[in-house]
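One structure below.
The numbers here are math on the coordinates, done by the rules we state, and not lab data. Remember, it's a predicted structure, so these values are computed and weren't measured experimentally. FYI the Cβ positions are ideal-geometry reconstructions off the backbone, even for glycines, and counts take in every protein chain you see.
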Amino acid sequence: MTITDVLERGPATGSPAVRVNDFSINVASPNGSGSQTSNMVIIRALFQMGIPVVGKNLFPSNIQGLPTWYIIRLSKEGYLARKEGTDILAAWNQQTLAQDVAELAPGSVVIYPLDWKQEISRDDLYIYRMPIKELMDTFDIPRELKSRVANMVYVGGVSYLLSIDLDAVEKALSYELHGKEKAVRLNKQVVQAAYDWAKANWSTKIPYRAEPMENSPVKGKFLAEGNAAAGLGAAFGGVSVVAWYPITPSTSLIDATRIFLKRYRHSSDGKPTYAVIQAEDELAALGIVVGAGWAGARAMTSTSGPGISLMAEFAGMGFFAEIPAVIWDVQRVGPSTGLPTRTSQGDVMFTHYLGHGDTKHICLFPASPAECFRFGWESFDIAERFQTPVFVLTDLDLGMNYWTSEDFEYPDKPLDRGKVVPAEDIKKPGDFYRFVDVDGDGITRRTLPGTDSPYAAYFARGTGHNKYGVYSERSDDWEENLQRIFRKIDGSRDKLPQPVVSRMDGAQVGIISYGSNEPAIVEARDMLAAQGISTDYLRLRALPAAHSVHEFIRSFDHVYVVENNLEGQMAQILRLDVPEKADRILSINKQDGLPLTAKFIVSKFLEMEG
């Protein structure tokens, strides 16, 4: 074996056509090694070149040491769902090298350190090695930073192989390192040194290229995380009380909310006009939110499945005592502790019916960072309009990964406080009763603490009461009150964010989905259309489902509900809504902790269609 064979080796046979802006990169590294910065530099550099790109971070539920993978997909067509398979592997984790290489298809590329003793015996891969220690020893880098900065070696190697613009890399470095001149300069030097070394030592050409796109589908767009977008939306929505308890993957939503509130929400003398409280647990967190909502504040919390479990009692109280609250559920894999750092849509039925006894909550399902922002403020309007807790369900994939986003649409209307009665309208006894349905829509009027009228007070009861707010265990009082509340929730169907429908000429089959499945559905429909199969697609955005969802279901012989859980939870809810079509509402569902792919959806669809 020659020295060239050690540094680079191409497949024994075949010269495949070059694929431009249409492949995937998988970076394997130990968790906690600082590779996230390097991965984001690659993504941002590609994005600045006008290439549609998305990253999926598969990380373990520990602080440091276990394997992590970051999968970057480039798609000149703009498809940004997870794609099965890897084309280029940057193997920076010795522990998983054998497994990662074994999973590669012939013709794939491997970049890994020359410092490791392992040899890859496969002769159907492009193999490139880089001397990390040799390159790093040329720089005066503090010992504690060496392992992190060393990740820039694969940035340089990948940039050379794919022809990534180094000016774009430098801009990405400046963004990721917050413009810190010394850090940017050091990391740039390492990238340049690795790039120059690769150029001098590698001659074999790989069949993958990243090229700037002039008529770019991402022009005018930007990269955003769902959690950060939600936090910004909440700040714009007037949130003034945030209570929470840390849990993956929702913690960064509160972190972002706190940052935006600190920046934008303070009085003229600089004092904060908000409170962010870390409670002792999730039960206490929602208790604070419900109390603040009763007092007239716009209040929210954020959690995931295990936290929702602890919130059940206060969620039921908020529903029955009719108190506005907003709860973000960034879903992860359960049951129990489950897979804390994997994505899921497994809390749909749980949140919709959360609470002992007869309970039904309003749920919203954003599908993009732009909708996370919108629902961040609109959820407060809905909670106050219907005087009830509102759950906003995202997931780890949408919440913690970076997505290509349209500009956010900022609120174009004043806050909707709902039926809040001012003191001047309550002048004598009988002018106000908290639970009397004056308008016949199930939504009663409320007052806020401090309303300057002796007749504005009422008991906010989580126990049985009549329409006057007086304690009662009479069966007719209980039945009348609960039926009114359910009439209110049912009446919200056509006043919540309405579904988005996409049609195709001659469609004989309908597809329904929601949330972060959107990119996979879009790609799958195009794949089916290429086979001559037209489908209409409805993206559901809220529960209770709008009447237009029921009409969509009734317009087809059968519909497929695509979702990321084990038993097709949304399909089960829709079967209850449209019972005469129950046997025609079919599930395409999967739960393996990963985002759905178009390939899976298409294969399952074709299998079920026969």
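Which value in deg cm²/dmol, rounded to the nearest 500, describes the helix-derived mean residue ellipticity at 222 nm for the chain, given -39,500 (n - 2.57) per DSSP H run of n ≥ 4 and division by the residue count? Theoretical 222 nm ellipticity from helices: -10500 deg cm²/dmol.
The order of Lys188, Lys581, going from fewest to most other C-beta atoms within 10 Å of their C-beta, is Lys581, Lys188.
If R0 is taken as 41 Å, the Cβ-Cβ distance between Gln483 and Asp269 corresponds to a FRET efficiency of 0.25. Computed from Cα atoms, the angle from the helix 475-490 axis to the main principal axis of the chain rounds to 40 degrees.
Per-residue packing, averaged as other Cβ atoms within 10 Å, sorts the ranges 530-543, 484-497 into the order 530-543, 484-497, beginning with the highest. The candidate values are (i) 1.03; (ii) 1.13; (iii) 0.96; the one derived from this structure for Rg/Rh (Cα atoms, Kirkwood Rh) carries the label (i).
Partner aspartates and glutamates whose Cα lies under 15 Å from the Cα of Lys467, excluding those fewer than 8 positions away in the same chain, are identified as Glu322, Asp431, Asp437, Asp439, Asp441, Asp476, Asp477, Glu479, Glu480. Counted over the chain, the DSSP beta bridges are approximately 40% antiparallel.
With +1 on each Lys and Arg Cβ and -1 on each Asp and Glu Cβ, and nothing else charged, work out how big the dipole of the chain is about its Cα centre, in Debye to the nearest 20.
The dipole magnitude comes to about 1000 debye.
Applying a DSSP loop filter and a limit of 10 other Cβ atoms within 10 Å to the GluC sites (Glu not before Pro) in the stretch 468-554 leaves Glu473. Tell me the relative contact order for the chain as a rounded percent, counting alpha carbon contacts under 8 Å between residues six or more apart. Normalised by residue count, the contact order of the chain is 12 percent.
Positive-end ranking of Pro52, Ile25, Ala98 along the dipole of the stretch 1-143, with charges on Cβ about the Cα centre, is headed by Pro52. Counting neighbouring Cβ atoms within 10 Å and putting the fewest first, the residues Leu162, Leu286, Leu46 line up as Leu162, Leu46, Leu286.
For Lys146, the lysines whose Cα comes closer than 19 Å to its Cα, not counting residues fewer than 8 places off in the same chain, are Lys133, Lys180, Lys182, Lys188. Exposure proxy ranking for His550, His352, based on other Cβ atoms within 10 angstrom of each Cβ and starting from the fewest, stands as His550, His352. Summing +1 for each Lys or Arg and -1 for each Asp or Glu among the other residues whose beta-carbon sits under 12 angstrom from that of Val578 gives 0. Selection among Leu135, Met300, Ser516 by position relative to the dipole of the chain gives Leu135 as farthest towards the positive end (Cβ unit charges, Cα centre).
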